[in-house]
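Report on the following structure.
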Amino acid sequence: MNVKNEILYESPRIGVFVCDCGSNIAGHLDCPDVAEYARTLPDVVYAKENLYTCSEAGIGEIKKAIKEQDLNRVVVASCSPRTHQPLFSSSCAEAGLNPYLFEMVNIRDQCSWVHMGERQNATHKAKKLVRMGVAKSAGLAPLDEIESSLVRKVLVIGGGIAGLSAAQALADMKLDVILVEKTSGFGGLLQQVHRLDSGKSAKETMLTIIDDVCSRPNIVCHTQAKLKETGGYIGNYNVKIETKEGLFEEKAGCIVVATGAVPLVPQGLYGYNGKNVISLMELEKKLKKQEFSAKCVVFIQCAGARTKEKEYCSRICCMIGVKNAMLIKKKHPLTDVRILYRDMQMYGTYKEQMLWNARGMGIRFDVYNPGNPPEVKEGKLEFFQAVTGKTVSLDTDLVVLSTPLVPGNDSGSLANMLRVPTDQNGFFLEAHAKLRPLDFAADGIFVCGSGRYPATSTEARTQGIGAASRVAAILFKEKLVKSAIVADINPDSCVGCMACLSMCPCEAITYNREKQTCEVNEILCKGCGNCAATCPSHSAQLRGFKPEQLLAQIRAV
């Protein structure tokens, strides 16, 4: 990128671009008046009003003005920097101007939207904000984006369907994979399942995927292995893995967490004894071994879920219960099969159809009230039937408790090791449920499968492939490039009080005992500014938001 870094020593020549945003901004304030006002501000040599500054024509105006007016600072007064700042700053770079010499003023959210119907006040406030933006831009300095190398190797933690799918997809993209599984074999929870909801054998499906993964030359598989230690940052993680052969160290550019979940053992629920009152997973084993024989079987849904202890819905229990009820009814048509439920969670058209098909096969569905749950004792089950208002008593050979999936015992320690969050239930917490559903807030670490939340085999496989694509978006770059808006600590004035260490949410600051000063890891730093606000000696400062730049804005207003 050919940028004008020498302009740090030149007099500012500022260009201001005021956006109408159609009627979104211009409908509520006087944009021509704001642009005219901008021309009177110190160091402003050019000001222009645009209908849509973010359009191709608007971007062209900015590039043209940078070259023809010899601008060395650009201010755009328009909408939210969160959505549009990258577009405008990159456009400045394309015109030869350092992208960090760009400043954005939000006159949509902060003026037109909050002062609708107050045109004069909105216009007056927009002028103030533009004056502040111009004042700050005069003190901006060119910055170089931070670059680091990348290790094109991926650590996948967990050898269930999600982890295997991620490893498979990454290997297809010619990336090296280290696959770590803590048990003696791959397959995870699906190894215990009889059949998938599609009717296919779970074991055969898993064996096909496992054989393919284990045959890949660029996948190194470790069973009975655990992650013991991690360090480093995106593109350059250092990991220590404990295997049967001993402890060894590896480097990885990204990490995929696919640790899965485990079924809750329903101790103390409905007389659970593992014989005639069993869990859903124990039923899977019976069906798999063809040991099922019962004249009346009753499924109790939400056993141990949606309670004070576990408030969440496990999502997949209803579907698994219906699937197994259908398998039983198909193989043993004379068996009385009933499902007692609170609410049926059969999301999607395919699963909804399963529910109707189950009813058509003669499987009975009855609602129970959680305040008056079913009672199981001595081969009998009683429940209050809300429809008839009567208590129904059944002679049952088998009661199946549909229990939720819960996080594994080591999820918390792994989360601490990787410095990633978990939710109130202990599942790994993604960066954003809709915008970044497979990312952690920590860069370069991704999550998929039931470790994130209970998922079907299809969902887990899809998420594994999705996590692989997120990894590829990083590791296929020639080098890692990140924003230069990070913290600096001046070693000459730092007194080593370490107040900034506890304030840094990214753990990007370390204490150098030899120099007795604090230091910032630029790759880990997210530019939050907590350290700059905390530092008593003002040694910690945030690039692009230094005190003199912020004070210039305050003086201007």
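The values are calculated or read from the model by the stated rules, or taken from the named source; none is laboratory data. Source: prediction; values computed, not measured. Please note: Cβ atoms are built from the backbone with ideal geometry, for glycine as well, and neighbour counts cover all protein chains shown.
Please state which of the following conditions V392 fails to meet, knowing it meets all the rest: (1) part of a strand (DSSP E or B); (2) within 21 Å of L264 (Cβ to Cβ); (3) not aromatic (F, W, Y).
The number of the failed condition is (2).
Can you find a residue that is in contact with a Phe, Trp or Tyr (Cβ under 9 Å, 6 or more places away or on another chain), crowded, with 16+ Cβ neighbours inside 10 Å and either small (G, A, S) or not assigned by TED's automatic domain parsing to the domain that holds Q424 (or both) anywhere in the stretch 287-296?
No, every residue in the stretch 287-296 fails to be in contact with a Phe, Trp or Tyr (Cβ under 9 Å, 6 or more places away or on another chain), crowded, with 16+ Cβ neighbours inside 10 Å and either small (G, A, S) or not assigned by TED's automatic domain parsing to the domain that holds Q424 (or both).
Only one residue in Y368, Y312, Y347 is within 24 Å of K390 (Cβ to Cβ) and of a type in the set (S, T, Y). Which one?
Being within 24 Å of K390 (Cβ to Cβ) and of a type in the set (S, T, Y) holds for just one of Y368, Y312, Y347, which is Y368.
Between a first residue in the stretch 60-78 that is within 27 Å of L29 (Cα to Cα) and touching a residue at least 24 places away in the same chain (Cβ under 8 Å) and a second residue that is of a type in the set (F, W, Y) and part of a helix (DSSP H, G or I), which pairs have beta carbons less than 6 Å apart while being 6 or more apart in sequence or on different chains?
Pairs found: V76/F88.
For residues that are closer than 14 Å to G260 by Cα and in contact (Cβ under 8 Å) with a residue 40 or more places away in the chain, scanning just the stretch 180-191, find the one that is farthest from the chain's Cα centre (by Cα).
T183
Could you tell me whether Y341 is surrounded by 19 or more Cβ atoms within 10 Å (Cβ to Cβ) and under 30 Å from T259 (Cβ atoms)? Reasoning before the result, please.
Values: surrounded by 19 or more Cβ atoms within 10 Å (Cβ to Cβ): yes; under 30 Å from T259 (Cβ atoms): yes.
So Y341 passes the test.
Go through (1) touching a residue at least 60 places away in the same chain (Cβ under 8 Å); (2) more than 30 Å from G426 (Cβ to Cβ); (3) crowded, with 21+ Cβ neighbours inside 10 Å for F299 and report which single condition fails.
(2)
Just for the stretch 51-93: of the residues that are among the small types (G, A, S) and surrounded by 16 or more Cβ atoms within 10 Å (Cβ to Cβ), which one is farthest from A126 (Cα to Cα)?
My answer is A93.
Quick one: which of G449, G426 is at positive phi and buried (at least 22 other Cβ atoms within 10 Å of the Cβ)?
Matching residue, one of G449, G426: G449.
From the list G274, G232, which one is farther than 29 Å from E352 by Cα and in a loop (DSSP other than H, G, I, E, B)?
Numbers: G232 fails: in a loop (DSSP other than H, G, I, E, B).
Result of the check over G274, G232: G274.
Within the group G274, G246, which residue is under 30 Å from S413 (Cα atoms), surrounded by fewer than 17 Cβ atoms within 10 Å (Cβ to Cβ) and either free of Cβ contacts under 8 Å to residues at least 24 places away in the same chain or in contact with a Phe, Trp or Tyr (Cβ under 6 Å, 6 or more places away or on another chain) (or both)? Write out each step before concluding.
Details: G274 fails: under 30 Å from S413 (Cα atoms).
Exactly one of G274, G246 is under 30 Å from S413 (Cα atoms), surrounded by fewer than 17 Cβ atoms within 10 Å (Cβ to Cβ) and either free of Cβ contacts under 8 Å to residues at least 24 places away in the same chain or in contact with a Phe, Trp or Tyr (Cβ under 6 Å, 6 or more places away or on another chain) (or both), namely G246.
Go through the stretch 22-45 and count every residue that is surrounded by fewer than 19 Cβ atoms within 10 Å (Cβ to Cβ) and among the hydroxyl-bearing types (S, T, Y).
The qualifying residues number 2.
Regarding A122, is this residue surrounded by 21 or more Cβ atoms within 10 Å (Cβ to Cβ), in contact with a His (Cβ under 7 Å, 6 or more places away or on another chain) and among the hydrophobic types (A, V, I, L, M, F, W, C)? Outline the logic, then answer.
Values: surrounded by 21 or more Cβ atoms within 10 Å (Cβ to Cβ): yes; in contact with a His (Cβ under 7 Å, 6 or more places away or on another chain): yes; among the hydrophobic types (A, V, I, L, M, F, W, C): yes.
Here the answer is yes, as A122 does meet what is asked.
Collect the residues in the stretch 63-81 that are closer than 15 Å to A47 by Cβ and touching a strand residue (DSSP E or B) at 6+ places or on another chain (Cβ under 6 Å), keeping them in residue-number order.
Result: A65, Q69, L71, R73, V74, V75, V76, A77, S78.
Among the candidates V256, V220, which residue alone is buried (at least 20 other Cβ atoms within 10 Å of the Cβ) and either farther than 29 Å from V520 by Cβ or among the hydrophobic types (A, V, I, L, M, F, W, C) (or both)?
Of V256, V220, the one residue that is buried (at least 20 other Cβ atoms within 10 Å of the Cβ) and either farther than 29 Å from V520 by Cβ or among the hydrophobic types (A, V, I, L, M, F, W, C) (or both) is V256.
Determine if the stretch 223-236 includes at least one residue that is in contact with a His (Cβ under 6 Å, 6 or more places away or on another chain), within 23 Å of N416 (Cβ to Cβ) and surrounded by fewer than 18 Cβ atoms within 10 Å (Cβ to Cβ).
There is no residue in the stretch 223-236 that is in contact with a His (Cβ under 6 Å, 6 or more places away or on another chain), within 23 Å of N416 (Cβ to Cβ) and surrounded by fewer than 18 Cβ atoms within 10 Å (Cβ to Cβ).
Take K127 and tell me if it is more than 37 Å from the chain's Cα centre (by Cα), in a strand (DSSP E or B), surrounded by 15 or more Cβ atoms within 10 Å (Cβ to Cβ) and charged (D, E, K, R).
No: the conditions fail for K127.
For the stretch 521-557, which residues satisfy the criterion of being surrounded by 19 or more Cβ atoms within 10 Å (Cβ to Cβ), of a type in the set (A, V, I, L, M, F, W, C) and without any contact (Cβ under 8 Å) to a residue 60 or more places away in the chain?
C525, C531, A532, C535, A540, L542
Conditions: (1) in contact with a Leu (Cβ under 9 Å, 6 or more places away or on another chain); (2) of a type in the set (A, V, I, L, M); (3) not in a strand (DSSP E or B). V399 meets all but one. Number of the miss?
(3)
Criterion first (surrounded by fewer than 18 Cβ atoms within 10 Å (Cβ to Cβ), touching a residue at least 60 places away in the same chain (Cβ under 8 Å) and within 26 Å of the chain's Cα centre (by Cα)) does D410 satisfy it?
Considered against the rule, which asks whether it is surrounded by fewer than 18 Cβ atoms within 10 Å (Cβ to Cβ), touching a residue at least 60 places away in the same chain (Cβ under 8 Å) and within 26 Å of the chain's Cα centre (by Cα), D410 comes out as yes.
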